[in-house]
Amino acid sequence: MSPQEESDCPRFDQAHSFSSSDRRISALVRHLTVPTHASPMDSISAAPTSAFGTADSVFAHVVQAPEDPILGVTVAYNKDPSPNKLNLGVGAYRTEEGKPLVLNVVRRAEQQLVNDRSRVKEYLPIIGLAEFNKLSAKLIFGAESPAILENRVTTVQCLSGTGSLRVGAEFLARHYHERTIYIPVPTWGNHPKVFTLGGLSVKTYRYYDPATRGLNFQGLLEDLGSAPSGAIVLLHACAHNPTGVDPTLEQWEQIRQLMRSKGLLPFFDSAYQGFASGRLDADAQSIRMFVADGGECLVAQSYAKNMGLYGERVGAFSIVCKSADVARRVESQLKLVIRPMYSNPPIHGASIVATILRDRDMYNEWTVELKAMADRIISMRHELFDALRARGTPGDWSHIIKQIGMFTFTGLNSEQVAFMTKEYHIYMTSDGRISMAGLSSRTVPHLADAIHAAVTRMG
Ligand SMILES: Cc1ncc(COP(=O)(O)O)c(C=O)c1O
């Protein structure tokens, strides 16, 4: 059965899941680094197994996997004994003192939850906490969103942004006729893996222009313009990671018109709502433009950054449909995706979010704390820019203040990054991305010295 034929008969779920698991298995095989001199089967049979031996493990053939390129930065940082070391690789907010931050409003919400003796630890439903889902949809689409009022949105609680993307990918692989997803170049390093292993095939569209350190808008329009009708397009809702480059509202409008005219399906990744501008509504604007036209879209939401709930793994996945009836059926199928994956999501993080979002006073406190985080990041941009100017560092560094969100895509190359790590103990991903949230007024001069030296000595 061709993929097209399969997609034309959505009831044959068995056939669907076979073909998407086939795709996943072949993708997995591609991901595994098997030495060229031996197939995995050879190495299994070459290693004799014994029920009691320790040296001849049945897993002896397993090769050492490389560190994750982003999380590996922290592994290397942790091993460095230097007192001046600086970790700008991690995508997590740090205070001016370089410490992780638990928001005061989160502490308050948790206290309230602990004090409530009626709370129990029962399983949540497959799609999570109903109130959390409702409030998350309102947060991203706006309380007055016609799609919500018309019950055209289905929202399910997922394991943060990553889990939401993965559930979305698997749903699309099973139920959508076009299995190609276009992702921007560059993008968050986990995107291609999540989508490939979720059963989609990944293609790219141009996004960043290294010459201007800004958006390659023309390239983006050309690539989306030549994508096949119906293809899925991954869009960063705001604070694009890793570049910090977002389209303007006028550019978003052009993207929307192009995508709608070609029937491309938008899949928004919203990992930074409120973190880019400090304003929750402003950072959801791109998504709301697509919802306002009455068309369909998918949205993965994360509370990792904007509520500082990184380790609680709390997020939401929404599909905006054309009718309430479709939304209901879509939700029933999302349950079938989630149930064999992790059964149902954890309760604590979602309860914190629901406690904050339902209470006007706590919600207001959250917006103030969120704006303070965004403002500190913006002030770090200005301090770094000023420090480089003061040093007369060659080059135009205005992109540091033009880019938005947690990251600056510095334009430093991998040799310069390696130099800064070796000589200045500054850690970042090899593409030159630095987390502005990891900087402080105290550490800006150290970073500026390092960039200055890297640029002047390493060309
Ligand atoms: C663009 C983007 N999407 C999704 C995520 C997923 O984050 P999490 O799974 O922690 O919510 C991140 C995290 O860095 C991100 O930058």
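What follows draws every value from the coordinates through simple rules; no lab data is involved. Please read all numbers here as calculations on a predicted model, not as lab measurements. Neighbour counts are summed over all protein chains in view; Cβ atoms, including those assigned to glycine, are modelled from backbone coordinates with ideal geometry.
Going highest first, how would you order 260-267, 447-454, 233-240 by mean Cβ packing within 10 Å?
Ranking, from highest mean packing down: 233-240, 447-454, 260-267.
Report for the range 123-358 the percent antiparallel among DSSP-assigned beta bridges with both residues inside it, nearest 5.
Of the beta bridges lying entirely in the range 123-358, close to 45 percent run antiparallel.
Each of Ser318, Val156, Leu224 was placed along the dipole of the range 123-358 (beta-carbon charges, centred on the mean Cα), and the one lying farthest toward the positive end is Val156.
For the chain, the direction-averaged projected area of the alpha-carbon convex hull comes to 26.1 nm². If you bin all the Cα-Cα distances of the range 310-437 at 5 Å, starting from zero, the percentages per bin are 2, 8, 11, 12, 13, 10, 11, 11, 10, 6, 3, 1, 0.
With 0.36 nm allotted per residue and the present C-alpha distance subtracted, the Val63-Glu122 stretch has 17.2 nm of extension available. The modelled label-to-label distance between Ser379 and Gln218, using points 7 Å beyond Cα along the C-beta direction, is 4.1 nm.
What order do you get for Trp397, Trp252 when you list them from fewest to most C-beta neighbours inside 10 Å? Before the final figure, lay out the partial values.
On the way: Trp397 23, Trp252 18.
Ordered by Cβ neighbours within 10 Å, fewest first: Trp252, Trp397.
Charge dipole (Cα centre; +1 on Lys/Arg Cβ, -1 on Asp/Glu Cβ; no other charges) of the chain amounts to roughly 460 debye.
Taking the DSSP beta bridges with both ends in the chain, the antiparallel portion is around 50 percent. Exposure proxy shown here: for Arg206, Arg329, the number of other Cβ atoms within 10 Å sets the order, fewest to most, as Arg329, Arg206. Each of Leu220, Leu280 has some number of other Cβ atoms within 10 Å of its Cβ, and from fewest to most they run Leu280, Leu220. Measuring nothing but how far apart in sequence close Cα pairs (under 8 Å, 6+ apart) lie, relative to its length, the range 123-358 scores a relative contact order of 31 percent. What FRET efficiency do you get for Ser261 and Gln112 if R0 is 45 Å and r is their Cβ-Cβ distance, rounded to the nearest 0.05? Here the calculated transfer efficiency is 0.40. Semi-axes of the equivalent ellipsoid for the range 123-358, computed as √(5λ) from the eigenvalues of its C-alpha gyration tensor and ordered from largest down, come to 26, 19, 17 Å.
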